[in-house]
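The values are calculated or read from the model by the stated rules, or taken from the named source; none is laboratory data. Every value quoted in this text rests on a predicted model; they were computed, and no experiment measured them. Positions of Cβ are generated from backbone atoms using ideal geometry, with glycine treated the same way; all protein chains shown enter the neighbour counts. Ligands, DNA and RNA are excluded from the accessible area calculation, which covers all protein heavy atoms including side chains. Shrake-Rupley method; radii C 1.70, N 1.55, O 1.52, S 1.80 Å.
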Amino acid sequence: MALSLHLFDKWLNALARPRVLAWWFMCCALPTGLASALLTPIGQFPDEMAHIIRADGLRYGHVFGMRPPPGFPPMTPTAGVPLNKGLFDVLVIPQWVGLTAGRGTPARVQHQAEEVKWGKASYWPTQMVEYLPVFYIPAALGLLAGQVVGFSPLHALLLGRVAMLLCYVALGAAALALARFGGTLLFAVLTLPTLLNLAGSFNQDAPMVAGFTLAAALLTRTEIRAWAAGLAVLSLTVSAKLAYAPLLLLGLTPLLAPGLHKRLLGVALAALLPGLWLLHVLHGGFIPAPVTPYHPAPLWPGNRSVWLHSAQPSDNIQVLLAHPWEIVRLPVITLIFFWPQTWRLILGMVGCDHGLIWAWEYPALVAALGMAMLGALAGRARGWRMRDGMLACLAVFAAFLGMELSMYLTFTPAGYLVAMGVQGRYFLPFLPFFIFVLAGLGSGLARVRLPEGLFCGPAMALAGINLVALPWLVWRLYHGAGP
C-alpha cells in the first residue's frame, strides 16, 4: 500500500515538471487555437479589422504610423498605415461585416472572399498605431509569406492568424519550461479558453499575455542572464500597452537578494523603451474616441450644460485633477460595477468581447484556477518573502489602476462615474504575476509537502477537454465557416 501511494505521488509530481507542462500545453493549445483560427470568420475577433490594418502596415515599413494624406476624408482615428486593397476588399464584404454569432457564412460569400485579388496599398486609419507593434510581427510575416507563395488575400489572412497562434504557443511553452516556481498557475492561465480562442486571431492581446508570462517565468530564476532577459521581455511587452508599465517593479524582487542597487538600475533601463514610446504617443497625440454630442457627466468640474463632441484625454484629466481621490476610487468602482459580467469574459470569452463559452465550464475553470493558485501559494519559491509579495501586490494594483484610467482618459466621455470600454481580456496580463504575490504571501506554507501535480491536474484535464469542447463551440457559433 505504501509503495502504491509512493508511486502515485511520484506520478503526480511528474505532472508538474516544467517540461511536462510545456509539452501538454503545446499539445492542447496548438490544435485548439488552430480550430479557432480557421473556423472563425474574418473580423469576428475583438477589433480584428484594426489589428489586421496595423499588421499589414508593418509589411510596408510603417512602425510609427502616418497622418492621413491630403484630401483623405475626415474621419476618426486620425492616424494609420498602408493597407493592401486585396485585404481591404475581404474585410469589407457586407455579409461578413454584419455577421453575428449563431449565423453561418453563406457559401457564396465564402467563394466571393476567396476570389478577391491582391491590389496596391493605400492609407487606412487604425487606432492601433498607439501600440509598439512588436506582437504584430508574426501576423505581418504571415501576410507577407501568403502573398509571396501565391495565396489569395483571404488565405493570407488565415496564415497570419496561424502565425500569431504559433507565436503564442512558442512564448507560452518557453515560459512553462523556464519557470522555477508557479508553473501550475502559469499553465492554468495560458490554457484559459479566452486565450486559446484569442490566440488564433490578429488581436495582439494573447501573444502579449504570453510575453508577460515568459517575463514572469524568467524573473523566477536567479541567474543574472535570465533576470536580464526577463526585464527585456517585460520592457518590450509593456511597450505594447503602456498602462501595464508598473509591472516593471517586479524586476526588483526578491528584495533581500544581493545586488538590489543593480536591479534598480536594470529596472530604470527597462523603463527607457516604454518611456520613449510614451513620448512618441504624446507627440503624435492621442486618438479621441468618436461619440455623439453630449453634456458632461456629474464629475465634470465646469459648466455641465456645454456640448462636447469627443472623449478627449484632456477633458477627463481635468476631472481627475478636480477629484484626485477618483484616481483610486473610480477604477475600483468600475471593477465592482462590471464584475458580474467581467469574470466570465476573463475566463471564457469566444469570438468578440461578448461571446461566452459553455455554462458548465465556468465552475470547472474557477476550481482549476483556484487549485493552481493554491499550488503557487504553497510552492517552493526560494528567496521570496512577505515583502516581495507586498511589492508584487503594489505593482499589480498600480497596473490595474493604469489600465482602468487609460480607458477613462481615452475612451470615456467626460465626467463619467465609471470607466467605459474596459474588457475582460484587459485583466489577463495581471494573472501570471500572481505567482510572485502568492510566493511571497505563502512563504510560510512552503513546508507543506503535497504533490505539485495535485494542483495542476484540474487545469491539465480542462485543457484536454477543450481540445474538443472549444472547437465544437466555435463550429456551432459560425456553422462551420472556414477555408
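With one equal scatterer per alpha carbon and no solvent term, the Debye-computed log10 I(q)/I(0) for region 195-338 at 0.14, 0.15, 0.18 1/Å reads -0.90, -0.98, -1.14. How far apart, in nanometres, would the label points at I465 and W325 be if each is projected 7 angstrom from Cα along the Cα-to-Cβ direction? In this crude spin-label approximation the distance works out to 4.5 nm.
Throw me the Rg/Rh for the chain, computed over C-alpha atoms with Kirkwood Rh, two decimals. Intermediate results must be reported in sequence, preceding the final value.
Working: Rg = 22.9 Å, Rh = 23.5 Å.
Here Rg/Rh amounts to 0.98.
Computed over Cα pairs, the Kirkwood radius of region 191-241 leads via Stokes-Einstein (1.567 mPa s, 4 °C) to a diffusion coefficient of 113 µm² per second. For region 117-123, backbone phi angles converted through the Karplus equation (6.51, -1.76, 1.60; θ = phi - 60°) give residue-by-residue couplings of 9, 5, x, 8, 8, 9, 4 Hz, Gly and Pro being listed as x.
All other residues whose Cβ lies under 13 angstrom from that of L394 are scored, Lys and Arg at +1 and Asp and Glu at -1, for a net of 0.
For A240, the shell of other residues with beta-carbons less than 12 Å away shows a net charge of 0, using +1 for Lys and Arg and -1 for Asp and Glu.
May I ask you to give the solvent-accessible area per residue for region 252-338, in square angstrom, as obtained with a 1.4 angstrom probe?
For region 252-338, the solvent-accessible area averages 59 Å² per residue.
Under 5 Å between amide hydrogens, built in the peptide plane, is the criterion, and for A121 it picks out K85 among residues at least 5 positions away or on other chains.
Summarising the amide proton neighbourhood of A311: residues at separation of 5 or more, or on other chains, whose placed amide H is nearer than 5 Å comprise A289, V291. Annotation for region 276-356: trypsin sites (Lys or Arg not before Pro) lying in DSSP loop with at most 14 further Cβ atoms inside 10 Å of their Cβ are R304.
Rounded to a whole number, what % of the accessible area of region 281-346 do carbon and sulfur atoms account for, probe 1.4 Å?
It is 70 percent, rounded to a whole number.
Of the trypsin sites (Lys or Arg not before Pro) found in region 168-229, no site is in coil according to DSSP while having at most 14 other Cβ atoms within 10 Å of its Cβ.
Directionally averaged projected area (region 315-470, Cα convex hull): 10.7 nm². Inter-label distance, H111 to Y294: 4.5 nm, where each label sits 7 Å from its Cα along the C-beta direction.
Carbon-plus-sulfur accessible fraction, region 123-271 (probe radius 1.4 Å, protein heavy atoms only): 75%. With a Förster radius of 30 Å applied to the C-beta separation of M66 and H309, the computed FRET efficiency comes to 0.75. Across region 151-160, rounded Karplus estimates of 3J(HN,Hα) from the backbone phi angles (6.51 cos²θ - 1.76 cosθ + 1.60, θ = phi - 60°) give 5, 6, x, 4, 6, 5, 4, 5, 5, x Hz, Gly and Pro being marked x.
Shown in residue order for region 24-40 are the 3J(HN,Hα) couplings computed by the Karplus curve 6.51 cos²θ - 1.76 cosθ + 1.60 at θ = phi - 60°: 5, 4, 5, 5, 8, 6, 5, x, 5, x, 5, 4, 5, 5, 8, 9, 8 Hz (x for Gly and Pro).
Average accessible surface for region 112-222: 27 Å² per residue, computed with a 1.4 Å probe over protein heavy atoms with every protein chain in place. Of the solvent-accessible surface of region 378-417, computed with a 1.4 Å probe and all protein chains present, 70% belongs to carbon and sulfur. For M349, the amide hydrogen comes within under 5 Å of the amide hydrogens of T194, counting only partners 5 or more places away or on other chains and with H modelled in the peptide plane. Per residue, the chain reaches -19000 deg cm²/dmol at 222 nm when only DSSP H runs of four or more residues are counted, each adding -39500 (n - 2.57).
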